[in-house]
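Presented below is the structure to which this report refers.
The values are calculated or read from the model by the stated rules, or taken from the named source; none is laboratory data. All figures in this text were calculated on a predicted structure; none of them were measured in a lab. Here the Cβ positions follow ideal geometry from the backbone for every residue, glycine too, while neighbour counts run over all protein chains shown.
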Amino acid sequence: MSVLVFSLLLTAVAFIIHFIIWKIRLPVHQKSILIYIFGVTLIAGLGFLFKFRENISLLGTNAPRELHEYFQICIFFISVSLAYMVTYSALEADSPSLVMIMTIANSGKEGLSQKNFEEKINNKTLIIPRLKDTLSEKLAYLKEDKYNLTPKGRIISTIFMIYRKIIKRERKGG
């Protein structure tokens, strides 16, 4: 039980720190800062728990005493952290479908004419923000008015292309 309680505590601390930093100022390199927050929280939290393990109790549960319990906390924390970081990319930027739905929803009960919809939903609202994210995450770079993939971008695109071949989705979309 101590592993679960203290794993959840460390995870909650990392989320609270993440929330506070994002409320103060949204970082430019959000994923890098998330990795840093979660990494520092894990190391500092484990160090604190280990040093004061004889004096710490939470919800009637004593701090872990055995090395294998600290290893289990690491596995839990890292698993939750990685799952969150993967999910965060979906939360970070609105999907094109969500942008379209929100645009229609904001029009109210009277609806949105097709002409107004096409004026509001264009490359400036759908493509350009994602392109800026791609550049800021260093997945691509702009040189002499041409976009090129970085090695990191090539690896990610290769993974997706292999995955699409495996599931037999070689056509565009989906």
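Taking first residues from the stretch 22-48 that are assigned to a loop (DSSP other than H, G, I, E, B) and partners that are of a type in the set (A, V, I, L, M) and surrounded by 14 or more Cβ atoms within 10 Å (Cβ to Cβ), the Cβ contacts under 9 Å between residues at least 6 apart in sequence or on separate chains come to PRO27/ILE21; PRO27/ILE33; PRO27/LEU34. Can you find even one residue in the stretch 50-71 that is in a helix (DSSP H, G or I), under 16 Å from ALA14 (Cα atoms) and assigned by TED's automatic domain parsing to the domain that holds PHE6? Looking through the stretch 50-71, none of the residues is in a helix (DSSP H, G or I), under 16 Å from ALA14 (Cα atoms) and assigned by TED's automatic domain parsing to the domain that holds PHE6. Could you say whether any residue in the stretch 74-97 is of a type outside the set (Asp, Glu), without any contact (Cβ under 8 Å) to a residue 12 or more places away in the chain, part of a helix (DSSP H, G or I) and farther than 29 Å from GLY153 by Cα? No, that holds for no residue.
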